[in-house]
Every structure is written in C-alpha cells, then in structure tokens.
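Single-structure report; data block below.
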Amino acid sequence: MRKRYLLIAAVAVMATLFLAVGIYAGTEVKDEIKMENKAYDKHTKSVQTFTHLKHAKEYAEKHPDLYKKGCGECHHDKDNKPLTQLKEGDEVQNCIECHKKPGYIKGKEAKGLTKEQKREYHANAIHDNCKACHKKFNKKMKLKSKDEGAAPVTCKQCHPKKK
Ligand code: HEC
Ligand code: HEC
Ligand code: HEC
Ligand code: HEC
C-alpha cells in the first residue's frame, strides 16, 4: 500500500513540474513554434507559425552580421543582457514571463507611454524583436516585396486574413 502512495505522490510531483515547465519555460529547440500564447483570452489576429530552428541555425549561419549575439538576438535575461551562450538543453524563459501583459498596445491607448512601457505588452516586445531584424535584413539584401523574398514587416504578411 505504502509503495503505491509513494508512486502516486511521485507522479503528482512530476506532473506539476512538467506543467510548470510547460507554462513558463522550455529546453528544447523546436523546429517550429505556434505563436499562440495561452496567456491570451483570445487572439484577434491569425496565428504565426514561427520557424524557430531555421531562425536559430540556418538564418544565423547565412547572416552572421545580423546574428552577432547568436541566440541572444532574441533571448535575454531579466536585465536585457543577451543570452549569447544559450544552447539546446538550457532552460529558456518564455517572453511572457517578463513582457507580462498579453496583447498589443498601439495608437491612442499607447500615447505617452515610453518604449519600455509599451514592451510590457507581450505582442509589442515580440513585434519589436522580429521587425527590427527583418528590416535590417531587407535593407541589406535590397528586398522590397515578399515575392522577392523579403522578410515580413507588415501586419498582413505575418497575420494574413483569417479565412
Ligand atoms: C514579423 C511578424 C509580425 C508582424 C510584422 C506583425 N506581427 Fe503581430 N504578432 C506576431 C507574433 C509572433 C505575435 C505573438 C502571438 C503570440 O505569441 O501569441 C503577434 C501578436 C499580435 C497581436 C496579439 C495577439 C492577437 O492575435 O490578438 C496583435 C493584436 C497583433 N500581433 C497585431 C499586429 C499588427 C496590427 C501588426 C502591424 C502593425 C502586426 N501585428 C505585425 C507577428 C507579427
Ligand atoms: C529569431 C529569434 C530567436 C532566435 C535567434 C532563437 N530563438 Fe529560441 N525562441 C524564440 C521565440 C520567439 C521563442 C518562443 C518564446 C515564447 O513563446 O515565449 C523561443 C523559444 C525557445 C525555447 C523554448 C521552447 C519552449 O518549449 O518553450 C528554447 C529552449 C529556445 N528558444 C532556445 C534557443 C536557442 C538555444 C537558440 C540559439 C541556438 C535560440 N533559441 C535562438 C526566438 C528565438
Ligand atoms: C527574464 C525577463 C525577460 C524575458 C524572458 C524576455 N525579456 Fe525582453 N526585455 C526584458 C527587459 C528587462 C528588457 C529591457 C526593458 C525594455 O527595453 O523593454 C527587455 C527588452 C526587450 C526588447 C528591447 C531590446 C532592446 O535592447 O532594444 C525586446 C525587443 C524584447 N525584450 C523582446 C523579447 C522577446 C521576443 C522575448 C522572448 C523571446 C523576451 N524579450 C524575453 C526582460 C525579458
Ligand atoms: C536576428 C534576425 C531575426 C529575428 C530577430 C527574426 N527574424 Fe524572421 N527572418 C530573419 C531572416 C534573415 C529571414 C529571411 C530568411 C531568408 O529568406 O533566407 C526571416 C524570415 C522570416 C519569415 C519568412 C520565412 C520563414 O522562415 O517563415 C517569417 C514568417 C519570420 N521571419 C518570422 C519571424 C518572427 C515571428 C520573429 C519574431 C518572433 C522573427 N522572424 C524574428 C531573421 C530574423
């Protein structure tokens, strides 16, 4: 009997740990990440599938000038210090842990807020990160339209209309 309780307790502990990690952090470098953060009540825009592995390896190898900080181009610590030495197997905190407010603030609502205050919103932090590098890439490659192979910078390119 006693053994059985221990087993149940162990399973419960493991399940809790698994859940906690699932919500807040991951260690695996996934091929693709469906950017549909669960902290949101609902997504108003279509969901982006982010090609994480391509971004972390292929694009980084092709464009070292855009990836001076390696993984740290996107991952940083609580002081915004780039995690340049990050590797697969390390625990990575999700953006939402620090850029805590689910949603995107812009226009009238965002008036008077500093960049940092806007980046408390999860989508603003994500957008700032993605767009900054894409703009540099497009400029460097002299690419204008998506057909030419430009990296996405407009709303519709990343959030095509829901069908
Ligand atoms: C480089 C791709 C990219 C571009 C460009 C982009 N977004 Fe996003 N957007 C994302 C990603 C990724 C998320 C994060 C969604 C998540 O993790 O849940 C997001 C989140 C959002 C959200 C919050 C989630 C939701 O569905 O309600 C809104 C609103 C949004 N974007 C609107 C816009 C608007 C408006 C523009 C243009 C001004 C824009 N985005 C440009 C990729 C992009
Ligand atoms: C171009 C930006 C970018 C680069 C470069 C990048 N990542 Fe990520 N990574 C992300 C984003 C965005 C997420 C999703 C985070 C979230 O959902 O909050 C993520 C998530 C992760 C996760 C967690 C997956 C999960 O299950 O939650 C790990 C681990 C990770 N990255 C490791 C790495 C490592 C190691 C490198 C370098 C080899 C790297 N990343 C490079 C943007 C990037
Ligand atoms: C451990 C906390 C933490 C995590 C996790 C985190 N950030 Fe940040 N981030 C910060 C802090 C603190 C700053 C500095 C304040 C600011 O500029 O908004 C910052 C700044 C930024 C900036 C501005 C960078 C600059 O130097 O101009 C962007 C863009 C950003 N974060 C995007 C992200 C994305 C995307 C993720 C997930 C892949 C992420 N952050 C994960 C804490 C965090
Ligand atoms: C450090 C630079 C960098 C950052 C940061 C970055 N990207 Fe990219 N991204 C690229 C490059 C370079 C390309 C074009 C690659 C090519 O065409 O060879 C690209 C292309 C893309 C594409 C089209 C091709 C594909 O792989 O799907 C999407 C969609 C995309 N990025 C989404 C995102 C999102 C979402 C984010 C933010 C979470 C992001 N990117 C952040 C460098 C970056």
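The values are calculated or read from the model by the stated rules, or taken from the named source; none is laboratory data. Everything numeric in this text was worked out from a predicted model, so none of it was measured. Neighbour counts run over all protein chains shown; Cβ positions are idealised from the backbone, glycine included. Keep in mind that these areas ignore ligands, DNA and RNA; they rest on the heavy atoms of the full protein, side chains included. Shrake-Rupley method; radii C 1.70, N 1.55, O 1.52, S 1.80 Å.
Of all the numbered requirements in (1) more than 23 Å from Glu91 (Cα to Cα); (2) at pLDDT 95 or above; (3) hydroxyl-bearing (Ser, Thr, Tyr), Tyr5 misses one, and that requirement is (2).
Among all positions in the range 73-86, there is at least one residue which is touching a Gly at 6+ places or on another chain (Cβ under 6 Å), within 20 Å of Arg119 (Cβ to Cβ) and surrounded by 15 or more Cβ atoms within 10 Å (Cβ to Cβ). Take the conditions (1) surrounded by fewer than 18 Cβ atoms within 10 Å (Cβ to Cβ); (2) within 8 Å of ligand 4 (Cβ to nearest atom); (3) more than 19 Å from Ala60 (Cβ to Cβ); Cys158 misses just one of them, which is (1). Has the range 92-99 got at least one residue that is touching a residue at least 12 places away in the same chain (Cβ under 8 Å), farther than 21 Å from Gln157 by Cβ and touching a Pro at 6+ places or on another chain (Cβ under 9 Å)? Checking the range 92-99: at least one residue is touching a residue at least 12 places away in the same chain (Cβ under 8 Å), farther than 21 Å from Gln157 by Cβ and touching a Pro at 6+ places or on another chain (Cβ under 9 Å). On inspection, Lys106 passes the criterion of being among the basic types (Lys, Arg), free of Cβ contacts under 8 Å to residues at least 24 places away in the same chain, within 9 Å of ligand 1 (Cβ to nearest atom) and open to solvent by 40 Å² or more (accessible area, probe 1.4 Å). Quick check on the range 55-69. Is at least one of its residues under 20 Å from His159 (Cβ atoms), open to solvent by less than 70 Å² (accessible area, probe 1.4 Å) and either among the β-branched types (Val, Ile, Thr) or within 11 Å of ligand 3 (Cβ to nearest atom) (or both)? Within the range 55-69, one or more residues are under 20 Å from His159 (Cβ atoms), open to solvent by less than 70 Å² (accessible area, probe 1.4 Å) and either among the β-branched types (Val, Ile, Thr) or within 11 Å of ligand 3 (Cβ to nearest atom) (or both).
Residue count for the range 8-46 under the criterion of being at pLDDT 95 or above and in contact with a strand residue (DSSP E or B) (Cβ under 8 Å, 6 or more places away or on another chain): the result is 4. Any residue at all in the range 113-121 that is hydroxyl-bearing (Ser, Thr, Tyr), modelled with pLDDT of 95 or more, surrounded by fewer than 18 Cβ atoms within 10 Å (Cβ to Cβ) and away from ligand 1 (no atom under 13 Å from the Cβ)? Checked the range 113-121: at least one residue is hydroxyl-bearing (Ser, Thr, Tyr), modelled with pLDDT of 95 or more, surrounded by fewer than 18 Cβ atoms within 10 Å (Cβ to Cβ) and away from ligand 1 (no atom under 13 Å from the Cβ). For the range 49-67, indicate whether the set of residues that are in contact with a Leu (Cβ under 9 Å, 6 or more places away or on another chain), hydroxyl-bearing (Ser, Thr, Tyr) and without any contact (Cβ under 8 Å) to a residue 12 or more places away in the chain is non-empty. Yes, because at least one residue in the range 49-67 is in contact with a Leu (Cβ under 9 Å, 6 or more places away or on another chain), hydroxyl-bearing (Ser, Thr, Tyr) and without any contact (Cβ under 8 Å) to a residue 12 or more places away in the chain. Picking from residues in the range 25-46 that are touching a residue at least 24 places away in the same chain (Cβ under 8 Å) and more than 9 Å from ligand 2 (Cβ to nearest atom), the one that is farthest from Lys101 (Cα to Cα) is Ser46.
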